[in-house]
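J.: Sharing a structure here in structure tokens format.
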Amino acid sequence: MGSMSELYLDVQEEKMREWIYEQCDSANIDETSDEWYEFVEEWHNQQEHFEEISWYESQNTSELYSHFMLDIEKIQEILKLETSAHTEPMIFKMTHAHIVTLLESFLASSFIALISNNKQYLSNIITVYSDRNNPKHFTLKQMERHENPVKDLVTFSIANISFHSRESIQKTYRDIFSKPFKYDFKALDKVFKIRHDIVHRNGVSTRGDNSTPTREGVINTIEIVKNFVQHFESCITDNGTR
């Protein structure tokens, strides 16, 4: 390991120690105590959270759109490969679920990029969160750990939303832009339902029907999701955001 890497690790180690002592308001705690290791784990969890926020904030919607389309092209290439009849059902289930995962990642990243780079959008969603009957509360100690506490906590909240339902998509869009997201979700709803059957019952519906997609079904799913993402990106552009 190079000297610069060692220096970086030493600095991080010192920062962690200072933070731990601040949390317990005492220098009596040491590495032999259970409490120490609990603080160490919490420190590392925080660092992962901060790194995740930094990654989201470094993105912009046009780049996210390009990355999404590139990933979809890769899936289309995979579907051209020869597969056996024995393995096809598993491959198609995995592919369908992954397409929805790509969509969820794109939406979460796009929403976070929007509020990270536009003060008005951040203000809109803060207002909505504040007006809810049961808003999420954070302690002063939690807020103290963030340089931009409100934005970071809103970012974290969005990152933890599962965007595999029309409700979560429409709600978050409305919270950010203060207007409804107009789209016919019927085809996408079916995609989400199949994904749910795959993830929770290995491709079987609650009625016991087989939901495993065919090759043609996966190709159709790709087109449905692409059409949705193109519409979503168009709406963002119309709002003056790229």
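Values in this text are rule-based calculations from the coordinates and carry no lab data. For clarity, every value in this text was computed on a predicted model and none was experimentally measured. Note that we place each Cβ from the backbone using ideal geometry, even for glycine, and neighbour counts take in every protein chain shown.
J.: Roughly how many Å is it from the Cα centre of the stretch 209-242 to that of the stretch 94-111, as a whole number?
T.: If we compute the Cα centre of each part, the gap is 10 Å.
J.: Quick one: if the Förster radius is 25 Å, what FRET efficiency do Ile161 and Tyr183 give, using the C-beta to C-beta distance and rounding to 0.05?
T.: Computed FRET efficiency for Ile161 and Tyr183: 0.90.
J.: Could you pull out the pairs from Lys74/Lys186; Lys93/Lys182; Lys74/Lys119 whose alpha carbons sit more than 32 Å apart here?
T.: From the list (Lys74/Lys186; Lys93/Lys182; Lys74/Lys119), the Cα-Cα distance tops 32 Å for Lys74/Lys119.
J.: Stretch Cys235-Gln120 to full length: gain in nm at 0.36 nm per residue minus the Cα-Cα span?
T.: Contour length minus Cα-Cα distance gives 39.7 nm.
J.: With r as the distance between the Cβ atoms of Gln59 and Leu79 and R0 = 22 Å, compute the FRET efficiency 1/(1 + (r/R0)^6) and round to 0.05.
T.: Once rounded, the FRET efficiency stands at 0.20.
J.: Sticking with this one: Using the number of other C-beta atoms within 10 angstrom as an exposure proxy, rank Cys24, Cys235 with the fewest first.
T.: In order of increasing Cβ crowding within 10 Å: Cys24, Cys235.
J.: To continue, here is another question. Amide H to amide H, which residues 5 or more places from Val204 or on other chains are under 5 Å from it, using H placed in the peptide plane?
T.: Excluding prolines and chain starts, which carry no amide H, the hits are Ser211.
J.: Something else about it: Between their Cα atoms, which of Lys171/Lys226; Lys151/Lys226; Lys80/Lys193; Lys179/Lys226 are more than 28 Å away from each other?
T.: As for pairs spanning more than 28 Å Cα to Cα, those are Lys151/Lys226.
J.: Once the Cβ-Cβ distance between Lys193 and Asp30 is put in as r, and R0 is 41 Å, what FRET efficiency do you end up with, to the nearest 0.05?
T.: Using R0 = 41 Å, I get an efficiency of 0.15.
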